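Student: For reference, the structure I am asking about is given below.
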Amino acid sequence: MIAVDRVLETIDAHQNAALSRLFDLIAIRSVSTDPAFASECQRAADWFVDQLHHIGFDARAHATAGHPMVVAHARSKRKDVPHVLFYGHYDVQPADPLELWTTDPFTAHLDDAEGRPCIKGRGAADDKGQVMTFLEACRAFHTLGEFPCHITILLEGEEETGSPSLPAFLAAHKDELRADLMLVCDTNMWDKETPAITTMLRGLLLEEVVIKAADRDLHSGMFGGPAINPIRVLSKIIADLHGPDGRITLPDFYDGVDDVPEEVAEQWRQLNFSEQSFLGDVGLSVPAGESNRSLLEMLWARPTCDVNGIVGGYIGKGSKTVLPAQASAKFSFRLVGRQNPASILAHFHDHVRARLPRDCRVEFHSHGASPAIQLPISSEPLSRARHALLQEWNKEAVLIGSGGSIPIVGAFKRELGMDALMIGFGLEDDRIHSPNEKYELSSFRKGARSWARILYALSL
């Protein structure tokens, strides 16, 4: 097998060409949410197919009800090697508001971020730059004549809109996408010098509650007192969801919630993380979650229940003395471990109904649910990836959680039984989804080198 040092030398020798390719990709305005950019999403898919053909992959763009899915395959000359599936996305968020960008968002260029060179442009970090780190590693292996393992690549064009075409595509292409291990790059490092592997993703449960009472809005002077106010009912429902210690009061809510393994908890305690700075950056000062839990635990390893919006009564300027006929609220639950979304939803409905006065009615509107993902921290692939990252960064990779969700990881786990290595090289200040998005030049270069080391390590 080709020595990994030769692969790294090849990546380093072609950095300018790699950067030029990324700039060309960023110039494609593949905004998935806006139908006006549908042709640009197709162009991005075609661009990837062409690039993948040039680096030894059998690639094609598959039509879907939405934007195309790009699937590509490359086989190693060696027989007894693993088969990995790499996932990324080529679509981007809209660049609006354009007036807040310092330069054209789709004309990528090198800039400076606190003395560190960076690539600025929409999609530079989310997810075009991240995807290209993997492709540049593959390009180097192809240039030297041999892939270290069998590789399948899946790139979608609807991640930023919730991947609506993905479930049907996965169901129809299970056999083609089946592999030993999934690789995902749409995540962050701990800081600019410390790599990270994300092993926990919180699940998500979204529910809307509508409380209805009188058959019309009522004058509060004429009906206030005897007539029930849906806003007051809703307020009671919300207030009773949390106890004084910050814990959520739904029965059996914490079933399946385990404490963080001590090995991981100790690693988190050693991180250079300031709770005061984290909250201070958004104008807050006191953690508001469960008492006796660290802020990192709350973010990565503990479940939540939040109200994301409340509507009821008159909300225009001035006052209007009215008792509203209805009030509504939108709730989100972030789930962890082995929590069951269906069980939690049933208990939540019971919680609401138990606080419903006789003259009130309730409607529930579901907006989706997905369980949490918790990946094994003692697996052989993860151990090899940690060693590969240590070789590149000279620092141990931190095993971290994510407060957000990556539904694709759960879908592949459920449908194909595949675990994932979630390794990305983004930073918290990359301004993804915001004006002036950037990707560190070191993330781009060392990200490609890291993937080369990881692929090599997995194939040993």
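Student: In segment 232-256, which residue that is loosely packed, with under 14 Cβ neighbours inside 10 Å and in contact with a helix residue (DSSP H, G or I) (Cβ under 9 Å, 6 or more places away or on another chain) is farthest from Leu356 (Cα to Cα)?
Tutor: Going through the qualifying residues, I end up with Asp255.
Student: Looking at (1) in a strand (DSSP E or B); (2) touching a Leu at 6+ places or on another chain (Cβ under 8 Å), which one does Ala45 not meet, given that it meets all the others?
Tutor: (1)
Student: I need the full set of residues from segment 320-368 which are closer than 25 Å to Pro164 by Cβ and basic (Lys, Arg), in order please.
Tutor: Of everything in segment 320-368, those that are closer than 25 Å to Pro164 by Cβ and basic (Lys, Arg) turn out to be Lys330, Arg334.
Student: I'm trying to understand the selection: among the residues of segment 73-104, which are of a type in the set (D, E, K, R) and part of a loop (DSSP other than H, G, I, E, B)?
Tutor: If the condition is that a residue be of a type in the set (D, E, K, R) and part of a loop (DSSP other than H, G, I, E, B), then Arg75, Lys77, Arg78, Lys79, Asp80, Asp91, Asp96, Asp104 are the ones that fit.
Student: Still on this structure, please answer the following. Could you tell me how many of the residues in segment 96-121 are at negative phi, in contact with a Pro (Cβ under 7 Å, 6 or more places away or on another chain) and crowded, with 17+ Cβ neighbours inside 10 Å?
Tutor: Count: 1.
Student: Still on this structure, please answer the following. Using the structure shown, decide if Asp259 is in a loop (DSSP other than H, G, I, E, B) and buried (at least 17 other Cβ atoms within 10 Å of the Cβ).
Tutor: no
Student: Within segment 274-289, is there a residue that is in a strand (DSSP E or B) and on the phi < 0 side of the Ramachandran plot?
Tutor: no
Student: Something else: Criterion first (assigned by TED's automatic domain parsing to the domain that holds Asp359 and over 24 Å from the mean Cα position of the chain (by Cα)) does Ile315 satisfy it?
Tutor: Details: assigned by TED's automatic domain parsing to the domain that holds Asp359: yes; over 24 Å from the mean Cα position of the chain (by Cα): yes.
For Ile315, the condition - assigned by TED's automatic domain parsing to the domain that holds Asp359 and over 24 Å from the mean Cα position of the chain (by Cα) - is met.
Student: Oh, and also: Mind checking whether some residue in segment 208-229 is without any contact (Cβ under 8 Å) to a residue 12 or more places away in the chain, within 18 Å of Cys305 (Cα to Cα) and not basic (Lys, Arg)?
Tutor: Within segment 208-229, none of the residues are without any contact (Cβ under 8 Å) to a residue 12 or more places away in the chain, within 18 Å of Cys305 (Cα to Cα) and not basic (Lys, Arg).
Student: Which one of these is within 25 Å of the chain's Cα centre (by Cα), modelled with pLDDT of 95 or more and over 13 Å from Arg122 (Cα atoms): Gln93, Gln42?
Tutor: On the way: Gln93 fails: over 13 Å from Arg122 (Cα atoms).
So the residue among Gln93, Gln42 that is within 25 Å of the chain's Cα centre (by Cα), modelled with pLDDT of 95 or more and over 13 Å from Arg122 (Cα atoms) is Gln42.
Student: Among the candidates Ala36, Ala72, which residue alone is under 30 Å from Arg453 (Cβ atoms) and in the same structural domain as Pro105 (by TED's automatic domain parsing)? Explain how you work it out, then say what you get.
Tutor: On the way: Ala36 fails: under 30 Å from Arg453 (Cβ atoms).
Step by step, each of Ala36, Ala72 is checked, and only Ala72 is under 30 Å from Arg453 (Cβ atoms) and in the same structural domain as Pro105 (by TED's automatic domain parsing).
Student: Within segment 161-204, can you find the residues that are over 21 Å from Ala61 (Cβ atoms), at pLDDT below 95 and aliphatic (A, V, I, L, M)?
Tutor: Hits for segment 161-204 are Met200, Leu201, Leu204.
Student: Scan segment 190-201 and give yes if some residue there is of a type in the set (Asp, Glu) and in a loop (DSSP other than H, G, I, E, B), otherwise no. Steps first, answer last, please.
Tutor: In the first step, residues of segment 190-201 are kept if they are of a type in the set (Asp, Glu); the result is 191, 193.
Okay, now just the ones that are also in a loop (DSSP other than H, G, I, E, B), so 193.
Within segment 190-201, one or more residues are of a type in the set (Asp, Glu) and in a loop (DSSP other than H, G, I, E, B).
Student: Within segment 122-179, restricting attention to residues that are in contact with a strand residue (DSSP E or B) (Cβ under 7 Å, 6 or more places away or on another chain), among the small types (Gly, Ala, Ser) and within 25 Å of Asp12 (Cβ to Cβ), which residue is surrounded by the fewest Cβ atoms within 10 Å (Cβ to Cβ)?
Tutor: Ala125
Student: Same structure again: Glu208 versus (1) part of a strand (DSSP E or B); (2) buried (at least 20 other Cβ atoms within 10 Å of the Cβ): which is the lone unmet condition?
Tutor: Result: Glu208 fails condition (2) only.
Student: Would you mind telling me which numbered condition in (1) surrounded by 15 or more Cβ atoms within 10 Å (Cβ to Cβ); (2) free of Cβ contacts under 8 Å to residues at least 24 places away in the same chain; (3) not assigned by TED's automatic domain parsing to the domain that holds Val307 Lys192 fails?
Tutor: Just one mismatch for Lys192, condition (2).
Student: Against the definition (surrounded by fewer than 17 Cβ atoms within 10 Å (Cβ to Cβ) and not in a loop (DSSP other than H, G, I, E, B)), how does Ala346 come out, yes or no? Lay out the reasoning, then the answer.
Tutor: Working: surrounded by fewer than 17 Cβ atoms within 10 Å (Cβ to Cβ): yes; not in a loop (DSSP other than H, G, I, E, B): yes.
When the stated conditions are applied, Ala346 passes them.
Student: Out of Ser378, Ser383, report the one residue that is surrounded by fewer than 18 Cβ atoms within 10 Å (Cβ to Cβ), in a helix (DSSP H, G or I) and either touching a helix residue (DSSP H, G or I) at 6+ places or on another chain (Cβ under 7 Å) or without any contact (Cβ under 8 Å) to a residue 12 or more places away in the chain (or both).
Tutor: Ser383
Student: Please tell me if Ala369 is of a type in the set (A, V, I, L, M, F, W, C), touching a residue at least 24 places away in the same chain (Cβ under 8 Å) and closer than 29 Å to Asn272 by Cβ.
Tutor: no
Student: Can I ask one more? Pick from segment 56-75 the residues that are among the small types (Gly, Ala, Ser) and in contact (Cβ under 8 Å) with a residue 12 or more places away in the chain: which of them is surrounded by the fewest Cβ atoms within 10 Å (Cβ to Cβ)?
Tutor: Checked segment 56-75; the qualifying residue surrounded by the fewest Cβ atoms within 10 Å (Cβ to Cβ) is Ala65.
Student: Quick check, is Ser39 hydroxyl-bearing (Ser, Thr, Tyr) and crowded, with 20+ Cβ neighbours inside 10 Å?
Tutor: For Ser39, the condition - hydroxyl-bearing (Ser, Thr, Tyr) and crowded, with 20+ Cβ neighbours inside 10 Å - is not met.
The values are calculated or read from the model by the stated rules, or taken from the named source; none is laboratory data. All of these numbers come straight from a predicted model, not from anything done at the bench. FYI the Cβ positions are ideal-geometry reconstructions off the backbone, even for glycines, and counts take in every protein chain you see.
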